[in-house]
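Here the structure is laid out as structure tokens; the discussion comes afterwards.
The values are calculated or read from the model by the stated rules, or taken from the named source; none is laboratory data. Because the structure is predicted, anything quoted here is derived from the model rather than measured. Heads up, the Cβs are rebuilt from the backbone with ideal geometry, glycines too, and the neighbour counts pull from every protein chain shown.
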Amino acid sequence: MADYYGIDLLNKAKNVTNSGSAVLTADECTGAVITIYDQTDDVVLTLPTAFAGGSFRVQVSADSTKYIRITPNGSEIQSFDGVDLNAGYYVYLSAATKGAMIQYVAIKTGDTSWQWCALTITGQWYAQV
């Protein structure tokens, strides 16, 4: 049985804890829950190039006045709640809010191409404009 965002509820998802900026790996972006915990500075998570089977969730476990950004690898285009962003644009929380969550799924856009699609679960996530 899977929840509506693709994280399997019967099998334990991989848990990745992050308190600072990081370049995410393909393994961390395959069925993982990435928890932002104990944040003391602004956090930038850089996505790997989108790939078949990519799917993960980012969740925030504490309030902070610092921002969280999820940025593509280079000039890739990511989608935010069904709208393509400009090349290289990021998705963000202006201040970390406990309980905020966003799901990322790689969608196929061509014979061999994939794109990250971000879907808000809870919280006030925004797209760079």
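Brief remarks on what is shown
- Flag for Ile77 being surrounded by 17 or more Cβ atoms within 10 Å (Cβ to Cβ), closer than 18 Å to Phe56 by Cα and at pLDDT 95 or above: no
- Selection status of Thr122, touching a strand residue (DSSP E or B) at 6+ places or on another chain (Cβ under 9 Å) and surrounded by fewer than 14 Cβ atoms within 10 Å (Cβ to Cβ): yes
- Test for Ala127: is it modelled with pLDDT of 95 or more and either more than 15 Å from the chain's Cα centre (by Cα) or surrounded by 20 or more Cβ atoms within 10 Å (Cβ to Cβ) (or both): no
- Look at region 35-48: where a residue is over 17 Å from Ser94 (Cβ atoms) and a partner is at pLDDT below 90 and among the hydrophobic types (A, V, I, L, M, F, W, C), sitting 6+ places away or on another chain with Cβ atoms under 9 Å, you get Thr35/Val16.
- When residues of region 56-74 are limited to those that are surrounded by 14 or more Cβ atoms within 10 Å (Cβ to Cβ) and either of a type in the set (Ser, Thr, Tyr) or in contact with a Pro (Cβ under 9 Å, 6 or more places away or on another chain) (or both), the one nearest to Gln128 (Cα to Cα): Thr71
- Reported count of residues in region 56-95, each being within 21 Å of Gln39 (Cα to Cα), out of contact with any Gly (no Cβ under 9 Å at 6 or more places or on another chain) and among the hydrophobic types (A, V, I, L, M, F, W, C), is 6.
- Checking each residue in region 34-55 for being loosely packed, with under 13 Cβ neighbours inside 10 Å and charged (D, E, K, R) picks out Asp38, Asp41.
- Condition check for Asp3: surrounded by fewer than 16 Cβ atoms within 10 Å (Cβ to Cβ), modelled with pLDDT under 95 and more than 24 Å from Tyr89 (Cβ to Cβ): yes
- Some residue of region 98-106 being of a type outside the set (A, V, I, L, M), touching a Gly at 6+ places or on another chain (Cβ under 9 Å), more than 20 Å from Thr30 (Cα to Cα) and surrounded by 14 or more Cβ atoms within 10 Å (Cβ to Cβ): no
- Boolean, Gly31 is in a strand (DSSP E or B), surrounded by fewer than 20 Cβ atoms within 10 Å (Cβ to Cβ), on the phi > 0 side of the Ramachandran plot and out of contact with any helix residue (DSSP H, G or I) (no Cβ under 8 Å at 6 or more places or on another chain): yes
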